[in-house]
1. Sorted from fewest to most neighbouring beta carbons within 10 Å, what does the list THR154, THR55 look like?
2. Listing ILE63, ILE95 from the residue with the fewest other Cβ atoms within 10 Å to the one with the most, what is the order?
3. So for the chain, taking the charge dipole from beta-carbon charges (+1 Lys/Arg, -1 Asp/Glu), which of THR102, SER50, ILE182 sits furthest toward the positive end?
4. Can you order the peptides 82-88, 136-142, 124-130 by their average number of other Cβ atoms within 10 Å per residue, highest first?
5. Starting from the Cα gyration tensor of region 82-166, take the square roots of the eigenvalues, sort them a ≥ b ≥ c, and report rounded, prolate or oblate (rounded when a/c is under 1.5, otherwise prolate if a/b is larger than b/c, else oblate).
6. Ranking TYR33, TYR134 by Cβ neighbours within 10 Å, fewest first, what do you get?
7. Express as a percent, rounded to the nearest 5, the fraction of DSSP beta bridges in the chain (both residues included) that run antiparallel.
8. May I ask you to evaluate 6.51 cos²θ - 1.76 cosθ + 1.60, the Karplus curve with θ = phi - 60°, for each residue of region 58-71 and list the ³J(HN,Hα) values in order in whole Hz, giving x for glycine and proline?
Amino acid sequence: MFFSRSLKFILALLLFTGIASALELPATDGKTYDPAAAGDKKAVVLFFVSPFCSTTKSFMKEINQITADYSDRVVVYLVHSDPEITNEVAMEHAILSEVKATVLLDKEQALAKQVQARITPEVVVLSPKTETLYKGRINDLYLGPTKRQRAPTTKDLRDALDAVLGSKPVPAPQEPAQGCKIGGIK
């Protein structure tokens with residue numbers, strides 16, 4: 001009886017921390033991926049996006065450039081967590097936006113809920129041990145939901161990635177993302 005309770009407690013604790021089992025998500029390339037698996041890289045970068053969000057569109061060039069600049073040292077995924085987005089819509093978005101990262105479909109929103117993503121575009125950086133190192137905006141192009149600057153004056157995500165790659169603490173505070181809410185997430 002004690003063993004059974006202890007085992008249940010340990011399993012519940014592991015599930016709560018997100019370590020118990022790997023989450024496999026389908027990608028537009030027909031394969032499945034564990035979005036938390038860093039392999040031999042220093043981190044995993046998860047860009048939560050939506051082709052229906054104009055704010056996402058404003059960031060696609062920078063997302064592609066970050067992917068190009070860092071993908072030799074970090075794993076990069078573009079994640080669609082809106083249940084309405086089909087594989088075809090995600091593929092069309094990837095083609096039109098010239099996406100350089102692997103595109104994942106999180107239709108059940110398991111990943112978004114696990115890392116508490118709520119906005120598109122929003123970025124989450126995970127350590128190889130699946131600890132959240134950074135969660136927030138890419139830069140300050142948007143200062144509010146409808147307040148866009150001509151050009152960004154910060155590089156929040158790049159600063160965070162440079163810190164992670166340099167084995168330094170990620171700069172704080174981490175500013176929240178501005179954009180569109182992920183449909184269906186409460």
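1. Numbers: THR154 14, THR55 20.
Least crowded to most crowded, the residues run THR154, THR55.
2. Working: ILE63 23, ILE95 10.
Least crowded to most crowded, the residues run ILE95, ILE63.
3. Towards the positive end, the residue furthest out is ILE182.
4. On the way: 82-88: 15.1, 136-142: 20.3, 124-130: 18.7.
Listed from highest to lowest mean packing, they are 136-142, 124-130, 82-88.
5. Details: a/c = 1.64, a/b = 1.18, b/c = 1.39.
Judged from the Cα gyration tensor, region 82-166 comes out oblate (a/c at least 1.5, b/c at or above a/b).
6. On the way: TYR33 18, TYR134 23.
Starting with the residue having the fewest Cβ neighbours, the order is TYR33, TYR134.
7. On the way: 16 of 26 bridges.
The antiparallel proportion sits near 60 percent.
8. Whole-Hz 3J(HN,Hα) from phi for region 58-71: 5, 9, 4, 4, 5, 4, 5, 5, 4, 4, 5, 6, 10, 5.
Computed from the coordinates by the stated procedures, all read-outs in this text should not be read as laboratory data. For clarity, every value in this text was computed on a predicted model and none was experimentally measured. Reconstructed Cβ throughout: ideal geometry from the backbone, glycine too, with neighbour counts over all protein chains shown.
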